[in-house]
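A.B. asks: My questions will all concern the structure given below.
The values are calculated or read from the model by the stated rules, or taken from the named source; none is laboratory data. Please read all numbers here as calculations on a predicted model, not as lab measurements. Note: ideal-geometry Cβ built from the backbone for every residue, glycine included; neighbour counts use all protein chains shown. These area figures cover heavy atoms from the full protein model, side chains too; ligands, DNA and RNA do not enter into them. Shrake-Rupley method; radii C 1.70, N 1.55, O 1.52, S 1.80 Å.
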Amino acid sequence: MNAFLALREEDLRTFDEARQLIVRERVESSLKAAEFLGNVVELFGPKLANTLTIMAGGEVKTEKTDEDGYPKGNDIADDGDEPYGPGYINPQ
Amino acid sequence: MEDIEIVIAYRERRHSNCFQLLYDRYAGRVYSKAVTMLHETSMAEDATQEIFTKVFLNLGKFKGQSKFSTWIYSITYNLCIDKIRKDKKNRDLCAGEMDDPPDLTDEEVPDKLLMEMQVNDLRQVLQQLNDIERTLLLMKYKDGVKIRVIAELLGKNESAVKMQLKRTRAKAKRIYERRHTATTLNTTG
């Protein structure tokens, strides 16, 4: 083995199992912190954006309302009429 | 299990075993390369932590077009170079000296001389080189990095890197011979 490879082996011996474990735990901790921050942004980001929009005088479109502000949902007929009553049988 | 299989498994399931497998496989080599660039074990350890954090946060960007080892070592060297650039004392590595090396006709020293040195001799020689010289030798002969890649990483042209390596080998030889001459004189009285 030449001297350069011997130096490399020495590096590997210096970075022993105990030190590798310490570094690994720090990396895992950083990754978990990044994941937590990502989840917080995903959860609260849209709500924060909506709040800021309202504070600026805008309107917030939600998934539950359409462009005209009418509620969306399975109980609205496709043609925009009032919902069908119970027991209604669609002739089609 | 191949690296790419572990990467895909980690991306899909975020399983800690996948993380551990890749970490155990590359931690030592990444650390060794960080030592090459930064010359201090504590800085190399901190760099290793940053490198692996960066690797796993950006694993989605790895498309498998190159080997995983190539990708992770590229991140390693680039992060270390950024650290060196931020350190005002050690900007030499990226300074302009290599672009216009002096027109010296150093002898051509074969790789064999360096390869056949004893470890302690090599260590002494490396201590007497400056940061650029030490880093170039270690990248080429310890880490096995090709000259083309060294040039790309340092933002230099290949001929400048080759010339610098040639001069460094000649300097290493002079240091080694001077040391051995002094040792011989001391021994003979």
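A.B. asks: May I ask you to list the residues in segment A:1-44 that are assigned to a helix (DSSP H, G or I), within 9 Å of chain B (Cβ to nearest Cβ) and polar (S, T, N, Q)?
C.D. replies: Of everything in segment A:1-44, those that are assigned to a helix (DSSP H, G or I), within 9 Å of chain B (Cβ to nearest Cβ) and polar (S, T, N, Q) turn out to be A:Thr14, A:Gln20, A:Ser30.
A.B. asks: Then there is this: Could you tell me which of the residues A:Lys61, A:Lys47 is modelled with pLDDT under 90, open to solvent by 100 Å² or more (accessible area, probe 1.4 Å), more than 9 Å from chain B (Cβ to nearest Cβ) and part of a loop (DSSP other than H, G, I, E, B)?
C.D. replies: The unique qualifying residue is A:Lys61.
A.B. asks: Give all pairs with beta carbons closer than 6 Å in which a residue from segment B:137-160 that is within 14 Å of chain A (Cβ to nearest Cβ) and in contact (Cβ under 8 Å) with a residue 60 or more places away in the chain meets a residue that is surrounded by 14 or more Cβ atoms within 10 Å (Cβ to Cβ) and among the charged types (D, E, K, R); count only pairs at least 6 apart in sequence or on separate chains.
C.D. replies: Note: pairs meeting the criteria are B:Lys142/A:Arg8; B:Asp143/B:Lys33.
A.B. asks: State whether the residues of segment A:72-90 include one that is at pLDDT 70 or above, open to solvent by 90 Å² or more (accessible area, probe 1.4 Å) and more than 9 Å from chain B (Cβ to nearest Cβ).
C.D. replies: Yes - at least one qualifying residue is present in segment A:72-90.
A.B. asks: Separate question: Give the residues of segment B:9-19 that are without any contact (Cβ under 8 Å) to a residue 24 or more places away in the chain and surrounded by 15 or more Cβ atoms within 10 Å (Cβ to Cβ), sorted by residue number.
C.D. replies: B:Ala9, B:Cys18
A.B. asks: So which residues in segment B:110-153 are among the aromatic types (Phe, Trp, Tyr) and more than 21 Å from B:Ile75 (Cα to Cα)?
C.D. replies: None; the set is empty.
Results for (1) more than 14 Å from chain A (Cβ to nearest Cβ); (2) open to solvent by 10 Å² or more (accessible area, probe 1.4 Å); (3) not in a loop (DSSP other than H, G, I, E, B), shown as yes or no for each residue.
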position: B:Arg29; (1), (2), (3): no, yes, yes
position: B:Glu45; (1), (2), (3): no, yes, yes
position: B:Gly64; (1), (2), (3): yes, yes, no
position: B:Asn78; (1), (2), (3): yes, yes, yes
